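The structure under discussion appears below in the form of structure tokens.
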Amino acid sequence: MENDDKFLQEFRRDPPAGYARRLRETLREQEEGAPARAWRPLLAAAAALIAVVAALFAFPAVRAGAQSLLDLFRVRSFVAVPFDGARMDKLRALDRDHAAMMIFDHKDVLQEPGPPVVQSSLAAAAGPAGFSVAAPAYLPAGLALDTVAVSREGRARLSVSASRLRDLLAALDLNDVEVPAGLDGQQIAVHTLPVVIQSYRSDRHRLSLIQARSPEISLPTGVDLPRLGEIGLRILGLDASEARRIAASLDWRSTLLVPVPTNASSFRSVTVRGNPGLLITTTKPDGAGADRRRAGTVVLWTEGERVFALRGTLDPEDVMQVAESVR
């Protein structure tokens with residue numbers, strides 16, 4: 001999709017006083033939650049999960065440079081993978097620049113989406129989003145729409161480095177994992193479409209609805225996805241037999257893994273408006289050494305070509321009721 005800046009400016013309005021500040025607060029809250037780390041890469045396609053884990057599923061076994069040979073991957077479903085939260089902490093520590101570039105030696109940004117732009121209303125957001133924005137018909141008492149923002153389309157290419165992958169495996173003591181041959185210089189292309197972020201709040205609760213058409217990941221054909229998915233699962237901390245079992249059972253061309261920390265979360269499969277989804281409930285750790293993870297609930301689902309994430313401090317039953325009302 002090509003966006004025309006002049007056309008988009010017609011939809012832009014100066015937000016009411018306090019909008020930008022509250023938007024920053026909301027986005028900061030989302031970044032601090034463990035569930036947000038799981039679904040944010042899905043919608044932004046530039047954070048650690050896509051770049052570090054999903055990219056590992058895309059390592060090509062052979063070089064194939066022609067555009068006509070590219071496979072296209074779109075998210076259609078979600079699978080939760082329980083893991084030790086300490087592993088994700090270690091991955092973040094290894095990614096010193098917080099750029100999820102641990103296994104890449106080059107990033108070519110073809111189209112920069114830029115920061116989310118606050119819109120004056122849901123109707124105004126439809127223009128830059130490129131679709132009619134869905135919204136909940138039901139909200140628990142006290143919750144009201146606070147801000148609406150849209151991030152624009154983005155495109156990037158990432159070049160994989162075999163030496164960086166070996167270094168990562170060594171740092172994680174995964175000495176039994178073999179790096180695929182013919183890896184250096186292979187590229188994956190990530191295409192994100194506009195993302196709409198709706199933030200709701202009351203005196204006691206926060207709720208965010210995020211929606212976008214599914215991000216696309218392109219790569220050369222000839223990929224042994226189960227084998228390469230197994231590498232990603234080992235990096236997440238799964239043992240060899242469990243990683244092999246899960247990797248063999250998934251459709252990697254349409255499934256996004258959602259890491260769920262075992263020490264603070266529970267999850268279950270759900271149905272949202274007749275579509276399969278994933279519900280994750282997170283508890284706040286206790287103690288002086290507890291991390292910044294906040295208690296809350298997130299539900300992920302797809303509907304047609306669109307991907308949804310609803311996250312808030314509400315009980316799971318309330319979050320599911322709001323999700324069922326989105327239309």
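Would you point out the residue of segment 95-120, among those that are under 19 Å from A156 (Cα atoms), at pLDDT 85 or above and among the aliphatic types (A, V, I, L, M), that is nearest to the chain's Cα centre (by Cα)? Result: V109. Among the residues of segment 74-94, those that are closer than 28 Å to L172 by Cα and either modelled with pLDDT under 75 or assigned to a strand (DSSP E or B) (or both) comprise F78, V79, A80, V81, P82, F83.
The residue pairs whose first member lies in segment 151-165 and is assigned to a strand (DSSP E or B), whose second member is crowded, with 18+ Cβ neighbours inside 10 Å and of a type in the set (S, T, Y), and whose beta carbons are closer than 7 Å, counting only pairs six or more residues apart or on different chains, are G154/T192. Pairs meeting the criteria (first residue in segment 294-307 and within 20 Å of R327 (Cβ to Cβ), second residue modelled with pLDDT under 90 and aromatic (F, W, Y), beta carbons under 7 Å, at least 6 apart or on different chains) are V298/W39; L300/W39; L300/F78. Considering (1) among the small types (G, A, S); (2) modelled with pLDDT under 95; (3) outside any loop (DSSP other than H, G, I, E, B), the lone condition that A123 does not fulfil carries the number (2). Pairs are defined by a Cβ separation below 9 Å, a sequence spacing of at least 6 or placement on different chains, a first member in segment 114-130 that is buried (at least 20 other Cβ atoms within 10 Å of the Cβ), and a second member that is modelled with pLDDT of 95 or more and of a type in the set (F, W, Y); no pair meets this definition.
Can you go through I235, I280 and tell me which one is modelled with pLDDT of 85 or more and over 30 Å from L207 (Cα atoms)?
I235
Note on segment 180-198: residues that are under 30 Å from A323 (Cα atoms) and either assigned to a loop (DSSP other than H, G, I, E, B) or over 25 Å from the mean Cα position of the chain (by Cα) (or both) amount to 2. Residues that are modelled with pLDDT under 90, exposed (fewer than 13 other Cβ atoms within 10 Å of the Cβ) and either farther than 25 Å from L207 by Cα or of a type outside the set (A, V, I, L, M, F, W, C) (or both) occur in segment 243-258; there is at least one. Restricting attention to segment 194-203, does a residue exist that is small (G, A, S) and closer than 25 Å to R273 by Cβ? Yes, segment 194-203 contains a residue that is small (G, A, S) and closer than 25 Å to R273 by Cβ.
The values are calculated or read from the model by the stated rules, or taken from the named source; none is laboratory data. What you see is a predicted model; the values in this text were computed from it and never measured. With ideal geometry, Cβ positions are generated from the backbone for all residues, glycine too; neighbour counts draw on all protein chains shown.
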